1. FRET efficiency for residue A:3 and residue B:116, Cβ-Cβ distance as r, R0 = 30 Å, nearest 0.05?
2. Go through B:78, A:9, B:8 and say which Cα lies farthest out towards the positive end of the charge dipole of the protein assembly as shown; charges sit on Cβ, +1 for Lys and Arg, -1 for Asp and Glu.
3. I'd like to know which of B:58, B:45, B:35 lies farthest towards the positive end of the charge dipole of the protein assembly as shown, counting +1 on Cβ of Lys and Arg and -1 on Cβ of Asp and Glu.
4. Give me the dipole magnitude in Debye, nearest 20, for the stretch B:17-116 about the Cα centre, with unit charges on the beta carbon: positive for Lys and Arg, negative for Asp and Glu.
5. Between residue B:54 and residue B:20, what is the FRET efficiency for a Förster distance of 30 Å, r being their Cβ-Cβ separation, to the nearest 0.05?
6. Give the ranking of A:4, A:95 by solvent-accessible surface, highest area first, calculated with a 1.4 Å probe.
7. Quick check: Cα centre of the stretch A:27-68 to Cα centre of the stretch B:1-72, how many Å?
8. Determine the per residue accessible area of chain A with all protein chains present and a 1.4 angstrom probe, expressed in square angstrom.
Amino acid sequence: GDSVTQMEGPVTLSEEAFLTINCTYTATGYPSLFWYVQYPGEGLQLLLKATKADDKGSNKGFEATYRKETTSFHLEKGSVQVSDSAVYFCALSSVSWGKLQFGAGTQVVVTP
Amino acid sequence: GAGVSQSPSNKVTEKGKDVELRCDPISGHTALYWYRQRLGQGLEFLIYFQGNSAPDKSGLPSDRFSAERTGESVSTLTIQRTQQEDSAVYLCASSQASGGSSYEQYFGPGTRLTVT
């Protein structure tokens, strides 16, 4: 079945550091890929998405490229801020009606 | 308007009791999903509703779990004879349609269920 594997956390960084969170997936067909973020005390919200190979999703300085050849969707940000401290979830949807398969989540802690 | 709302925000119950969790989706959203998030784990899909179609219950972990939805409105998730392993955060999400897997799902704040 479908699955998503993402790097374990917590990931602790200093402000302005470069962030990468690895995400790889297993799925049938051509899934859509997502990154969701959960800020402390808030609900889960969509950060970015990509629906086909080589698409790049971007939002709030974050980027991720859909790599079919490596079945990956790594999340990157060039210069993190304290406000980026959150739990980040990689997810895929390979069925037409949108059921999401999530990774376990990666906690990111950014220190001043 | 308002986002997805869920109630209660927290629920503590004794093992063996029944609990009912409520979800109010965003108005006009035809698709509704329930997920479960156990501590330190990702979200697990439980059930999906789309309009008046039969729900997809393929993620429900046991027959103690059931869910209903009235039209394109409120949904309730019921857990009968709760067990300690049911302790988790239960999240509801809604989306505009299910015609494509790229539709954004909007999540509620969740109900934290603790079974003692």
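The values are calculated or read from the model by the stated rules, or taken from the named source; none is laboratory data. Here the structure is a predicted model, which is why all the values come from computation and not from measurement. Positions of Cβ are backbone-derived with ideal geometry, glycine not excepted, and every protein chain shown enters the neighbour counts. Side chains are part of the model used for accessible areas, which takes the heavy atoms of the whole protein and leaves out ligands, DNA and RNA. Shrake-Rupley method; radii C 1.70, N 1.55, O 1.52, S 1.80 Å.
1. 0.40
2. With unit charges placed on the Cβ atoms, the residue in question is B:78.
3. With unit charges placed on the Cβ atoms, the residue in question is B:58.
4. 200
5. 0.90
6. Of A:4, A:95, the descending order of accessible area is A:95, A:4.
7. Each part's Cα centre sits 23 Å from the other's.
8. Here the per-residue accessible area is 46 Å².
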